1. Among the listed pairs Lys25/Lys57; Lys68/Lys117; Lys164/Lys187; Lys117/Lys165, which are separated by more than 21 Å between their Cα atoms?
2. Take the Cα coordinates of the stretch 41-152, assign each an equal point scatterer, and use the Debye formula without solvent to give log10 I(q)/I(0) at q = 0.09, 0.15 Å⁻¹.
3. Over the stretch 47-157, what relative contact order in percent results from Cα pairs under 8 Å that are six or more residues apart?
4. What percent do you get for the relative contact order of the chain when only Cα pairs under 8 Å and 6+ apart count?
5. Note down, for the stretch 97-193, the three equivalent ellipsoid semi-axes (square root of 5 times each alpha carbon gyration tensor eigenvalue), biggest first, whole angstrom.
6. Taking a quarter of the surface of the Cα convex hull of the chain, what do you get in nm²?
7. Tell me the angle of helix 2-15 to the major Cα principal axis of the chain, expressed in degrees between 0 and 90 and rounded to the nearest ten.
8. Quick query: amide H of Gly171 versus all other amide H atoms, modeled in the peptide plane; which residues come in under 5 Å with a sequence gap of 5 or more or a different chain?
Amino acid sequence: MTWIRTIGLAALLLAGPAQAQDTAKSADGRYTVSVVPNGEGDENGTGAQALVLYSTKGSTQRRLLISKWNGDYARNLAGLSHPLFSLDGGYVYFSSTDASPNSGYVHQFDLKLNVIKAVCPGWALRVIRTGPYRGYLLVQTHRYWDRPEGGSYNPVFLTHPSGKKLKMIPGSDNDEGELAIDPWLAKMNWRAW
């Protein structure tokens with residue numbers, strides 16, 4: 001019976017607050033941040049989602065933002081996904097997008113100042129936790145081949161928190177670029193999540 005109760009509790013915990021769509025835990029384990037449904041919203045997604053910070057030591061929560069569409073990708077805050085904490089827990093990175101595959105954008109929410117900053121085009125996948133690039137982001141973008149037959153690919157870049165892309169992850173220059181992350185991290189003996 002204990003085992004069944006444990007599974008039920010685990011399922012409840014995994015479901016997370018308000019049926020979270022994407023959730024991340026801070027490095028110190030004191031907080032989680034989640035993208036949660038916030039109602040129907042309009043046709044562009046304004047009002048449909050919220051980014052919410054939760055304390056793991058009680059029922060305290062703080063709504064960081066409600067989704068708001070904008071035609072400028074750097075200012076678009078709709079289609080929220082991929083929340084991640086910075087290493088020091090002072091920032092939350094998250095991605096936004098609309099219908100276009102090129103519309104993804106990474107944003108940074110400053111938890112002390114309540115300020116949102118556009119970081120760079122793409123989707124934040126992970127934060128580097130060890131090695132010389134500790135605190136840097138792994139950001140995936142959608143690009144088009146510059147060749148007669150055309151086509152597109154989704155490379156992953158090692159990216160400074162300011163948005164400057166340092167280098168493409170080797171082997172990520174294909175449709176499923178994110179699959180190159182784990183082998184590259186293992187080769188470098190680094191960790192990221």
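Bear in mind that the values in this text are calculations on the coordinates, not laboratory data. Please read all numbers here as calculations on a predicted model, not as lab measurements. Note that each Cβ is placed from the backbone with ideal geometry, even for glycine, and that neighbours are counted across all protein chains shown.
1. Result: Lys164/Lys187 exceed 21 Å.
2. Here the Debye-derived log intensity ratios amount to -0.27, -0.70.
3. Normalised by residue count, the contact order of the stretch 47-157 is 15 percent.
4. 11
5. Computed over the stretch 97-193, the values are 23, 20, 9 Å.
6. Mean projected area of the Cα convex hull: 13.5 nm².
7. Once rounded, one gets 60 degrees.
8. none
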